[in-house]
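FYI, it's all coordinate maths here, none of it is from the lab. Just so it is clear, the model here is predicted, and its values are computed rather than measured. Every residue, glycine among them, receives a Cβ derived from its backbone with ideal geometry; neighbour counts consider all protein chains shown.
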Amino acid sequence: MGKFVASVGKFLCCIQVNQSTVGIKERFGKFEEVLDPGCHCVPWITGNRVAGELTLRLRQLDVRCETKTKDNVFVTVVASIQYRAMEDKASDAYYKLSNPKTQIQSYVFDVIRAYVPKLELDDAFEQKNEIARAVEDELEKAMLAYGYEIVQTLIVDIEPDDKVKRAMNEINAAARMRVAANEKAEAEKIVQIKRAEGEAEAKYLSGLGIARQRQAIVDGLRDSVLGFSGNVPGTSAKDVMDLVLLTQYFDTMKEIGSTSKSSAVFLPHGPGAVADIASQIRDGCLQASSHHTN
């Protein structure tokens, strides 16, 4: 049934132009007019015919271009070109270009291979928009004469060689590790400074405590000597000091002996040392008894 209707339409010289397309009408092989979407009468008897149709839809062309940057790194630049035929220049778009995709691709190659070699690899990544703008400007000037409009140009990707990618990743990893090491060292430095400050503060406070302790001992000994000398007539300060020191000596020996962790007591090892200690103790006791009798 569809073939029958088409045959009848052709016999009656009726031509249908679909939406978003235009028809190119010729008469005896010469362009005559552009047919809008809809039904048109094209009497073939008088030499009229529709040479073809031209789509007005937005089309996209992805172009992969290999080039080299200023620092001698080979990269593949992927450009996405969105274009469409202009309705008011449909005849130019139909007759002047047999393959618009190939023509657009040639211009993209030309611009990218002229622009990217002026940039280093890092700059190429940063200036993707400038590369796209340069491609778009060149395409607009060139394709306008052929009846095509460049709607938008995008640089969707810049792909270095795999070895370059690995090298870049290693450089970034090394830089991050260096930063991490510096941060770790700085943290350890702060910890050590704080520890040193704490130890210094502790030693300072310990020194104050020892100084106060010694001052208290001196004050106590002084009071003891003065009190003993006042209560026991005829006793000199030196005698009282000797007795106090002897008492402290025995207290120290007692404390060492009572400590469970102490397994040895260091004494003078000479034979005369024992007699000397005994003589000192006996003299001290006799002096104390004589003073008490008096």
Flagged as over-length at 31 Å C-alpha distance, from K118/K163; K118/K141; K25/K101; K68/K101; K96/K118; K163/K189, the pairs are K96/K118; K163/K189
Given backbone amide H placed at 1.01 Å from N, residues whose amide H is under 5 Å from that of L119, ignoring those fewer than 5 places away on the same chain, are K70
The ³J(HN,Hα) series, computed from each phi in the stretch 90-100 with the Karplus coefficients 6.51, -1.76 and 1.60 at θ = phi - 60°, rounded to the nearest Hz and given as x for glycine or proline, is 4, 5, 5, 5, 7, 8, 7, 10, 8, 9, x
Binned at 10 Å from zero, the C-alpha pair distances of the stretch 31-75 give percents of 17, 28, 15, 13, 13, 11, 3
Expected vector for the stretch 107-122, Karplus 3J(HN,Hα) from phi with 6.51, -1.76, 1.60 and θ = phi - 60°, integer Hz, x for Gly and Pro, equals 5, 4, 4, 4, 5, 5, 6, 9, 8, 5, x, 7, 10, 7, 4, 5
Distance in nm between E140 and E159 label points, each 7 Å along Cα→Cβ, equals 3.0
Given backbone amide H placed at 1.01 Å from N, residues whose amide H is under 5 Å from that of D161, ignoring those fewer than 5 places away on the same chain, are F74
Per the charge dipole of the stretch 67-218 (beta-carbon charges, Lys/Arg positive, Asp/Glu negative, Cα centre), the residue among F74, N99, V116 reaching farthest to the positive end is F74
dims of the stretch 77-186, Cα set, principal axes, largest to smallest, nearest Å -> 73, 23, 19
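Under unit Cβ charges (Lys, Arg +1; Asp, Glu -1), what dipole magnitude, rounded to 20 debye, does the stretch 1-139 have relative to its Cα centre?
Its charge dipole is roughly 820 debye.
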tail above 15 Å in the computed P(r) of the stretch 124-196, as % of all Cα-Cα pairs, reads 73
Applied in sequence order to the stretch 142-157, the curve 6.51 cos²θ - 1.76 cosθ + 1.60 (Karplus, θ = phi - 60°) yields integer Hz couplings, x standing for Gly and Pro, of 7, 7, 4, 5, 9, x, 10, 9, 8, 7, 7, 10, 10, 9, 7, 6
